[in-house]
Amino acid sequence: MDLSALGSCLISPSCVITQSTSGLIIGLLLFLVAAGVSLIFGVLKVVNFAHGAFYMLGAYFAYSAYQLSGSYLIAVLAGGIGVAIFGVLFERLLISRVYGSPVLMQILVCYAMILILDDVVKIIWGADFLSFGMPPAFQQLPILFAGGVVPVFYLFLIVITLIIAALLGLLITKTRYGKIVRAAAVNPSMVSALGINTGVVYASVFMLGGLLAGLAGGLAAPVRSLTAGMGTSIIIESFIVTVIGGMGSVAGALVGSILIGLVRSFGSIGFPLFTEGLMFVMMAVVLVLKPSGLFGKEGR
Amino acid sequence: MTSRNRHAVGRRSVLKGAGAAAATAIAGFPFISRAQNKPIKAGMVTIGSGRGAMVGSASSKGASWEIEKFNAAGGLNGRPIELIVRDSKGKPEESARIAREFVNSDGVDILFDADSSAAAFAIQEVAKETGVLTVHMNSETSSLTADPKIRSWNAFRSARQGIHDSIAGGSYAAEVSKTKGLKTWMGCSPDYAYGRDSNKLFFEYLKHFHKDAEVIGESWPKLFQPDYTEQLTKILQTKPQAVYTCLWGGDLTAFIDQSNIYNLFAQIQVFAINIADYSILTAVKNLPKGIHSGSRYLSTFPATKENADWAAEYRKKFNEHPVNWSWENASGAKFVTEAIKKTNSVDPKKLAEAMSGMTIDSPFGVGGKLTLRAEDNTLVNYATGWGETIQKDPYVPDVKAVDWKVILELEHEWKKANKYI
């Protein structure tokens, strides 16, 4: 524990800017995965443990698209769209068969999918880790602001993920589709009785979750090493975010993700040996004070 | 009567003998022949899945190629070595279970541990309990063979050792520090046994060779951590003149990619012991120049025809560059095959006796020789050195070899300080 270092950092503009940017980037990439997890749980009541593997697939799809096209934009879109399609297939062919089954059965199906996807990645892309490489447009010196260091690529990621978060928020709160999804989360029988095909709604939620995870994989690929199993660590943090933010709440996922990012970033200065532990402490505090999460609804 | 009886007995004996000879001719020889051709079983425990999958891939290739050569040359009187490879998934408890299964169910004659250091200690216990000949081919944690309480008569290490690399690294870093006036240092190594051990020993020997060096900060990312932003920003805030890291594999490539966007390598001298290995050098798309690294495996170091030829043949055979695990496993397998040839046996006691102190011709050794030191069953005299990266092949053009005399002297003192001797 180094509280004096943390104190010095908090009164230094350069340190605050550098660490805040760092926290935002950690948090916002996490948000893209956690939002999908939260959405799927909120609507379908399925704890999708395979969501980390979706993120991994997105990164690999993006890698291949980048190799073929040389365009980072095409790569990110390929990651997002590819996993969105995969998400629909996963929901229709597998998960839809275990709706209403005990949670253990759902977890078993998701875990099996993680193992299968890890092996598929090894077969197609090989067991060695892969490096995407920084797209030439972002191979620039970082921006210096009030003494703080902000990499250009991270600035781009922050802006793009905030735009995606805003669009997602609008989709869920302001559109007819969003209303249907929210209604399906509360009372699927009534939604069905109104003549809406809930099967299509469920598949679309998986598609949306897959799209977000795939985009996260594609966006992060230039600064992450690609390996089979790379989704494992992010899924654990995503569940922490979901617990902190509240199950099923996209706004909660955003706030929870940014909180996790900032805790990790400033925690590495003040609590270098306990950074990981801080996330769990924060989760425990939220569970004690507000068991449904910061934005979760009681008794859901 | 006596004579007749004796004659009769003799006749029966002859008949029995003829029958036995005929039976042997029909069935016996093939039986003996089958026994003679029964493969020698070698079980390899390694990581075949997850983020460490590359360990298993390179390790099994290195060992299997050497075994292939042994088998092609006739094996042990016609008995080939059959290599069985199993995946521990990087879990030490699984490694120990597989090792036991190899010995108890598969009846292996030789156990190859091509797993992580954490697994090596668990497998060492299996080696001690069962007495099977064991070769640790990847573990670099020094105490595995240095500590007499852990060491075992039947277990050898064909991998490089942390203490050797730390002395070599400390010596090189001190020279660079003195030349460039580097005084303030920071460590950023993975938070597990190898990372802690390597970080501590590197700075110990840096200070031994350069008294003015001062460690002003430490950062401990988790093993397989995907994002190093928090560590990088901490380094930027701490503002050391130089950083040491023993991150490896995919973790190291992510660290390099993320450091690049902070322009870290232009601001701080980075000493990354594990960069000079083709697994990293060819994987990183934007390899910065001027990173200091230890030689894990390079086809240009040692700069001999034998080493270059071995690398070229490996690449032709497997369609990829050899890496550190390739040469370590090839060496381990070669020590075993040489011992089998020398003793004409697979008896663990005879093999261990032959391997203890054994020197073999090898492209990876200083002067073309590698030795399994008798006093602690560990590899010495392998080529080790440090140099600076450039962006293209040969990646580290000028590797400065570190004198083994210095390494051995300081290792001896380290052993005494730790009460190993």
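Laboratory data are not the source of any read-out in this text; all were calculated from the coordinates shown. What you see is a predicted model, and the numbers here were worked out from it, not measured in a lab. As a convention, Cβ positions derive from the backbone with ideal geometry for all residues, glycine included, and neighbour counts pool all protein chains shown.
Could you tally the net charge around B:Ser139, taking each other residue with its Cβ under 12 Å from the Cβ of B:Ser139, Lys/Arg +1 and Asp/Glu -1?
Every neighbour counted, the sum reads -3.
Just to be sure I understand: with springs between alpha-carbon atoms less than 10 Å apart, which residue in B:Leu379, B:Leu247, B:Leu264 has the highest mean-square fluctuation in the Gaussian network model of chain B?
B:Leu264
What does the structure give for A:7-15 when I average, per residue, the other chain Cβ atoms found within 10 Å of the residue Cβ?
Taking the mean over all residues of the peptide, I get 1.
Given the peptides A:219-230, B:355-366, arrange them by the average over their residues of other C-beta atoms within 10 Å, most packed first.
A:219-230, B:355-366
Give me B:Trp153, B:Trp386, B:Trp414 ranked fewest to most by other Cβ atoms within 10 Å of their Cβ, as a rough exposure proxy.
The fewest-first ordering by Cβ neighbours comes to B:Trp153, B:Trp414, B:Trp386.
Angle between the Cα long axis of helix B:229-238 and the longest principal axis of chain B, 0 to 90 degrees, nearest 10?
Tilt of helix B:229-238: around 50 degrees.
Along Cα→Cβ, 7 Å out, is where each label goes; now give me the distance between the ones at B:Glu175 and A:Ile74 in nm to one decimal.
With each label point 7 Å from Cα toward Cβ, the separation is 4.8 nm.
Which values, in whole Å and largest first, are the semi-axes of the equivalent ellipsoid of the range A:32-88 obtained as the square root of 5 times each eigenvalue of the Cα gyration tensor?
Square roots of five times the eigenvalues give 25, 9, 8 Å.
Quote to one decimal, in nm, the extra length available between A:Arg97 and A:Val186 on full extension: 0.36 nm per residue of separation minus the C-alpha distance between them.
Using 0.36 nm per residue and subtracting the Cα-Cα distance, I get 30.0 nm.
Return the Rg/Rh value of the range B:179-320, two decimal places, where both radii are evaluated on C-alpha atoms and Rh is the Kirkwood radius.
That ratio is 1.00, to two decimals.
Enter the mean number of other protein chain beta carbons within 10 Å of the beta carbon of each residue in B:259-266, as an integer.
5
Measure nothing but the geometry: give the 0 to 90° angle between the long axis through the Cα atoms of A:13-44 and the longest principal axis through the Cα atoms of chain A, rounded to 10°.
The angle comes out near 10 degrees.
For B:Val243, list long-range residues whose amide hydrogen, built 1.01 Å from N in the peptide plane, is under 5 Å from its own amide hydrogen.
Close amide H contacts, sequence-distant or interchain: B:Met186, B:Gln269, B:Val270, B:Phe271.
Cα centroids of the range A:87-156 and the range B:262-338: how far apart, whole angstrom?
29 Å
Once the Cβ-Cβ distance between A:Asp2 and A:Thr173 is put in as r, and R0 is 51 Å, what FRET efficiency do you end up with, to the nearest 0.05?
E between A:Asp2 and A:Thr173, to the nearest 0.05, is 0.75.
Using the crude model of +1 on Lys and Arg Cβ and -1 on Asp and Glu Cβ, and no other charge, please compute the dipole size for chain B relative to its Cα centre, in debye to 20.
In debye, rounded to 20, chain B gives about 1780.
Spelling out what I want: for every residue of the range B:182-187, take phi, set θ = phi - 60°, compute 6.51 cos²θ - 1.76 cosθ + 1.60 (Karplus), and round to whole Hz; glycine and proline get x.
Calculated HN-Hα couplings, in order: 8, 10, 9, 10, 9, x Hz.
Quick one: Karplus J couplings for the range B:405-421, per residue in order, coefficients 6.51, -1.76, 1.60, θ = phi - 60°, nearest Hz, x for Gly and Pro?
Along the range B:405-421, the couplings run 4, 5, 4, 5, 5, 6, 5, 4, 5, 4, 5, 5, 4, 8, 6, 7, 9 Hz.
On C-alpha positions alone, give me the angle between the axis of helix A:103-125 and the longest principal axis of chain A, in degrees, nearest 10.
60 degrees
Convert each backbone phi in the range B:387-398 into a coupling constant with the Karplus relation 6.51 cos²θ - 1.76 cosθ + 1.60 (shift: θ = phi - 60°), then list the ³J(HN,Hα) values in order as whole Hz, x for Gly and Pro.
Per residue, the Karplus-derived 3J(HN,Hα) values read x, 9, 7, 10, 7, 10, 3, x, 6, 10, x, 10 Hz.
Order by neighbour count: A:Asp128, B:Asp191, fewest other Cβ atoms within 10 Å first, most last.
If I rank by nearby Cβ atoms, fewest first, I get B:Asp191, A:Asp128.
For all pairs of alpha-carbon atoms in chain A, what percent lies in each bin of width 10 Å, listed from the first bin to the last filled one?
The calculated distribution, bin by bin, is 7, 26, 34, 23, 8, 1, 0.
I need the shape label for the protein assembly as shown. Rule: rounded when a/c is under 1.5, else prolate if a/b > b/c, else oblate, with a, b, c from the alpha carbon gyration tensor.
oblate
Using per-residue counts of other Cβ atoms within 10 Å, averaged over each peptide, order A:51-64, A:12-25 from highest down.
So the order, starting with the most tightly packed, is A:51-64, A:12-25.
Which Cys residues of chain A have no other Cys beta carbon under 4.7 Å away?
Unpaired cysteines in chain A: A:Cys110.
What are the semi-axes of the equivalent ellipsoid for chain B, taken as the square roots of 5 times the Cα gyration tensor eigenvalues, largest first, in whole Å?
50, 21, 19
What's the FRET efficiency of B:Ala72 with B:Ser105 using the Cβ-Cβ distance as r and R₀ = 22 Å, to the nearest 0.05?
It comes out at approximately 0.15.
If you place +1 on the Cβ of every Lys and Arg and -1 on the Cβ of every Asp and Glu, how big does the dipole about the Cα centre of the range A:3-289 come out, in debye to the nearest 20?
660 debye
For B:Phe70, B:Phe271, A:Phe156, B:Phe112, what ranking results if the residue with the fewest other Cβ atoms within 10 Å of its Cβ goes first?
A:Phe156, B:Phe70, B:Phe271, B:Phe112
State the answer as a single residue: which of B:Ser279, B:Leu370, B:Tyr228 lies farthest towards the positive end of the charge dipole of chain B, with beta carbon charges of +1 for Lys and Arg and -1 for Asp and Glu, about the Cα centre.
B:Leu370
Using R₀ = 22 Å, calculate the FRET efficiency as 1/(1 + (r/R₀)^6) where r is the Cβ-Cβ separation of A:Ile116 and A:Lys45; round to 0.05.
So the FRET efficiency works out to roughly 0.40.
Counting only other chains, what is the mean number of Cβ atoms within 10 angstrom of the Cβ of each residue in peptide A:114-122?
Across A:114-122, the average partner-chain Cβ count within 10 Å equals 1.
For the range A:89-196, what are Rg and Dmax over the alpha carbons, in angstrom?
21.4, 60
Report the normalised scattering of the range B:295-421 as log10 I(q)/I(0) at q = 0.22 Å⁻¹, calculated by the Debye formula with identical scatterers on the alpha carbons.
For the range B:295-421, the Cα-only Debye profile gives -1.29.
I want to check the label-to-label distance for A:Leu141 and B:Lys369. Put each point 7 Å from Cα in the C-beta direction and report it in nm to one decimal.
Going from the A:Leu141 label point to the B:Lys369 one covers 5.4 nm.
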